[in-house]
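These notes are about the structure you will find just below.
Read-outs: derived from the displayed coordinates by stated rules, not from any lab. All values derive from a computational prediction rather than experimental measurement. A quick note on method: Cβ atoms are made from the backbone with ideal geometry, for glycine too, and the neighbour counts reach across all protein chains shown.
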Amino acid sequence: MISFITEKVSCWDKLKAETRPIFIYGMGDGALKIMSVFRKKGITLSGIFASDDFVRGHSFEGYKVHKLSEIEEMIDDFVVVLAFAAGYQEIVDKIEAIAEKHTLYVPDVPVAGGGLFTYEYCMQNANKLQQVYDTLADDYSRNVYANIINFKISGKIQYLSCVTTPKAEIYKDIIKPNMNEVYVDLGAYNGDTIRELLEFTHGRYNTIFALEPDRKNFKKLSKFVDGMPNVNAYHAAAWSVDGELPFAAKAGRQSAISASSDTMVQALSVDSVLDKKTATIIKMDVEGFEREAIWGASRSISEDGPKLMVSLYHRNEDIFELPLLIKSLNPDYRLYIRHQLYIPAWETNLYATLD
């Protein structure tokens, strides 16, 4: 029994017991994953709807795509299951407005890997979850941790809204970047997090190392850093050792290492890239392969103790395995967890510092 886990019935079990019609809000990969779980668990799906701007009389997986207003005209009481990610205030406000009118669930389906995050899963990993909770550096981190886990079990968005922290506050209170950082950006995308850092250092830095495996994203990254001094950009994936990996390119941030792909991409470890130089900040958002990236930076982490910014939301096990791994490599770290504006619990990140 873990005292900070209060939700014991998963949203999947609640949906299975529902007698009201259930409609999925959204299309795409998230909807496909949810529909797959529905089929396995015998949950009845009544239909699909999308935001009014996206409804053009088309269908999705054999279901006509409705507008929400059309369903509300036909049915008085129904359940909404959100099937897409929202990271902008305008969209979050719209989702919260729907939750005020209808029962809303946001099921947690992992970005990478398999399995479902349920109360039973938590009990199987109770010791690790409790260990992370006990080792967190402040009460707010423990509150965030508890809320994220209860959200992942229940699918209730109110667990997220009360622990959302603005990005600027995280930089100001935890990362505290200075004007002489040696910054390692793993999963550099188009340079957005480099731009983010430079906002807080007034454009000043010592050196930047940026790794991005997706070819199109790397072109955007290269264009962004063109002409910037002391920036080393690599068309490569972050990994535990140097080599090559199969890589599947997708739109935007969703590209990832994939055993089913015939396309190979260079893989580099942080310790190899740094070549005994000392990093001061390492950011990791590598679509579910953060564990491998951490091992690839193990010398830097254990000997130099750079500030770490690590995604905790790609795989079910990330929320306990990654903090424990980092703490094992350098027990002196103080660990913080913060959640930025996002539904579902994406943008839940671990921050590790020595002060």
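A few points about this structure:
- Shape of the stretch 61-103, Cα gyration tensor, a/c cut at 1.5: oblate
- Shape call, the stretch 166-211: gyration tensor on alpha carbons, a/c limit 1.5: oblate
- About its Cα centre, the dipole of the chain is roughly 320 debye, where the only charges are +1 on Lys and Arg Cβ and -1 on Asp and Glu Cβ.
- For residue 307, the lysines whose Cα falls under 17 Å of its own Cα, not counting residues fewer than eight places away in the same chain, are 167, 172, 176, 276, 277, 283, 327.
- Ellipticity at 222 nm from helices only: DSSP H runs of n ≥ 4 in the chain, each -39500 (n - 2.57), divided by the residue count, give -10500 deg cm²/dmol.
- Sites excluded, chymotrypsin sites (Phe, Trp or Tyr not before Pro) in DSSP loops with at most 15 other C-beta within 10 Å, longest stretch of the chain: 89-355
- P(r) tail fraction, the stretch 11-161 - alpha-carbon pairs more than 22 Å apart, %: 45 percent
- Note on the chain: GNM, Cα springs under 10 Å; of 29, 53, 226, the largest mean-square fluctuation is that of 53.
- Taking 0.36 nm per residue of separation and subtracting the Cα-Cα distance, full extension of the segment from residue 180 to residue 8 would add 57.2 nm.
- Our summary gives the chain a relative contact order of 17 percent, counting only alpha carbon pairs under 8 angstrom and 6 or more residues apart.
- Bridgeable lysines around residue 152 (alpha carbons under 18 Å apart, same-chain partners fewer than 8 residues away excluded): 8, 14, 16, 33, 41, 128.
- Net charge over other residues, Cβ less than 12 angstrom from the Cβ of residue 178 (K, R count +1; D, E count -1): +2
- For the stretch 176-311, fraction of C-alpha pairs farther apart than 19 Å, in %: 45 percent
- By the rule of a C-alpha distance below 17 Å, with chain neighbours fewer than 8 residues away ignored, the aspartates and glutamates paired with residue 219 are 185, 192.
- Local electrostatic count at residue 271 - Lys and Arg +1, Asp and Glu -1, tallied over other residues with Cβ under 12 Å: -1
- Kirkwood-based Rg to Rh ratio, the chain, C-alpha trace: 0.98
- Nearest-0.05 FRET efficiency for residue 73 and residue 215, computed from C-beta distance (R0 51 Å): 0.65
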